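The numbers here are math on the coordinates, done by the rules we state, and not lab data. Predicted model only: the values in this text are computed from it and were never measured. A quick note on method: Cβ atoms are made from the backbone with ideal geometry, for glycine too, and the neighbour counts reach across all protein chains shown.
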Protein chains: 2
Amino acid sequence: MRVMGIDPGLTRCGVGVVEGSPGKAGRLVAVDVIRTDSKAELPERLRALDAGLSAFLEEHEPEQVAVERVFSQHNLASVIPTAQASGVAVLAGAKRGLPTATYTPSEAKAAVCGSGTADKRQVTTMVTRILRLDAPPKPADAADALALAICHLWRGALKNRLARQARSPR
Amino acid sequence: MRVMGIDPGLTRCGVGVVEGSPGKAGRLVAVDVIRTDSKAELPERLRALDAGLSAFLEEHEPEQVAVERVFSQHNLASVIPTAQASGVAVLAGAKRGLPTATYTPSEAKAAVCGSGTADKRQVTTMVTRILRLDAPPKPADAADALALAICHLWRGALKNRLARQARSPR
């Protein structure tokens, strides 16, 4: 299964696609950061973000999408543009009919590092290790997007297995 | 000129189109509220909101769009879904190439009531009067969307006139 992880942001939006299957290490397909001009007006920035996400989705054809959930505990000054970017990111997956899940930053960290309070460096280290990369993913910000994709591959597989067990006769 | 006003919200999103020209009272073209199912997941809700906005834009063909700006002074519990809905609303106008402006609630209130601290009842009364409606716009929530459209018609016209004056030789 191919999963696209999105770490939403208006100035920098991390995107990454990982291919994997339940219980196996994934393979990096692509990773990037979509930037929008901080001097441009909001409508132009959201349009540019949407265009960047669309191009990435069309090029790498993920089957599912995982987006970081936005919380009010985020930096208050940036929570509104981040939430606006996340709305555009979630819509990008949903309007293409792709199953689109959201995960908290803690869930993504716990998935790759075993702890929801792991720092950025640990996340980058573990993403590099899990995907067996020769060097940490660049740009660094995109490691979070890859962690979200890995989180979804692993948790999604677990959820599916539990759902199957619940349905099967005991 | 036809302007579409959007009062963004995930559960209820007010939309209204007003036709007018600088210095004249406008004419109501259409008004509605787009609702999404609060029991549905975020991706499905944003997809439904986008579909509702797209249908309204296609049916009423506004030339410009005015969206209420989201502030962190908004109710903190609702600021994130409201910001996500506003991201989708601003994108809906921008990706169609329509000039899309944002106004604070105070700016919209000041435009139609003469005061940025006017209450909801005053806004509904003045929107009804300005558009010479036989009855207050229904649903009531949509009055804010019409106030935004009127605000943009009037302020946009003023901005354009000032820009022309600035360009013309003295």
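Once the Cα atoms are used to define both axes, helix A:42-60 deviates from the longest principal axis of chain A by about 40 degrees. Helix B:120-130 and the long axis of chain B differ in direction by around 50°, with both axes built from C-alpha atoms. With a simple spin-label model that places each label point 7 Å from the Cα along the Cα-to-Cβ direction, the separation between A:T104 and A:D134 comes to 3.9 nm.
Here the label points at A:E44 and A:S21, each 7 Å from Cα along the C-beta direction, are separated by 4.8 nm in the simple model. Per residue of B:95-102, other chain Cβ atoms within 10 Å of the residue Cβ number 3 on average.
If you take each beta carbon of peptide B:39-45 and count the beta carbons of other chains within 10 angstrom, what is the mean?
Numbers: counts 0, 0, 6, 10, 13, 3, 3.
Across the residues of B:39-45, the mean count of other-chain Cβ atoms within 10 Å is 5.
Highest mean packing first, where packing is the average number of other Cβ atoms within 10 Å per residue, the peptides B:135-141, A:32-38, B:3-9 line up as B:3-9, A:32-38, B:135-141. Applying 1/(1 + (r/R0)^6) with R0 = 45 Å to the Cβ-Cβ distance of A:T125 and B:R12 gives a FRET efficiency near 0.50. Take the Cα of B:S78, go 7 Å toward its beta carbon, and the backbone nitrogen atoms of segment B:126-152 under 12 Å from that spot belong to B:141. Which one of A:A147, A:A77, A:A66 has the biggest mean-square fluctuation once chain A is modelled by GNM with Cα springs under 10 Å? In this elastic network of chain A, the residue with the biggest mean-square fluctuation among A:A147, A:A77, A:A66 is A:A77. Placing a label point 7 Å from Cα along the Cα-to-Cβ direction at A:P136 gives distances to the equivalent points in the other copies of 5.8 nm, listed shortest first. Here the dipole of segment A:1-98 is about 180 debye; that uses its Cα centre as origin and unit charges on the Cβ of Lys and Arg (positive) and Asp and Glu (negative). Remark: label point of B:R12 defined 7 Å out from Cα along the Cα-Cβ vector; separations to the same position in other copies 4.1 nm, ascending. Binning the alpha carbon pair distances of chain B at 10 angstrom intervals from zero yields the distribution 11, 40, 35, 12, 2, 0, 0, expressed in whole percent.
Determine the shielding of peptide B:76-86 by partner chains: average, over its residues, the number of Cβ atoms on other chains within 10 angstrom of each Cβ.
Details: counts 3, 1, 1, 6, 12, 3, 4, 10, 13, 3, 6.
Going residue by residue through B:76-86 and averaging, the value is 6.
On a 31 Å Cα-Cα criterion, which of the cross-link pairs A:K39/A:K120; A:K95/B:K120; A:K39/B:K39; A:K138/B:K39; B:K24/B:K120 come out too long?
Over 31 Å Cα-Cα: A:K95/B:K120; A:K39/B:K39; A:K138/B:K39.
Taking the DSSP beta bridges in the protein assembly as shown as the whole, what percent of them are antiparallel, to the nearest 5? Counting only bridges with both partners in the protein assembly as shown, antiparallel ones make up about 65 percent. Each other copy places its own label point for B:L76 at 0.7 nm from this one, sorted shortest first, where the point lies 7 Å along the Cα-to-beta carbon line.
Dividing the summed helix terms, -39500 (n - 2.57) for each DSSP H run of n ≥ 4, by the number of residues in the protein assembly as shown produces a 222 nm estimate of -16500 deg cm²/dmol to the nearest 500. Between segment B:84-138 and segment B:5-33, the alpha-carbon centres lie 7 Å apart.
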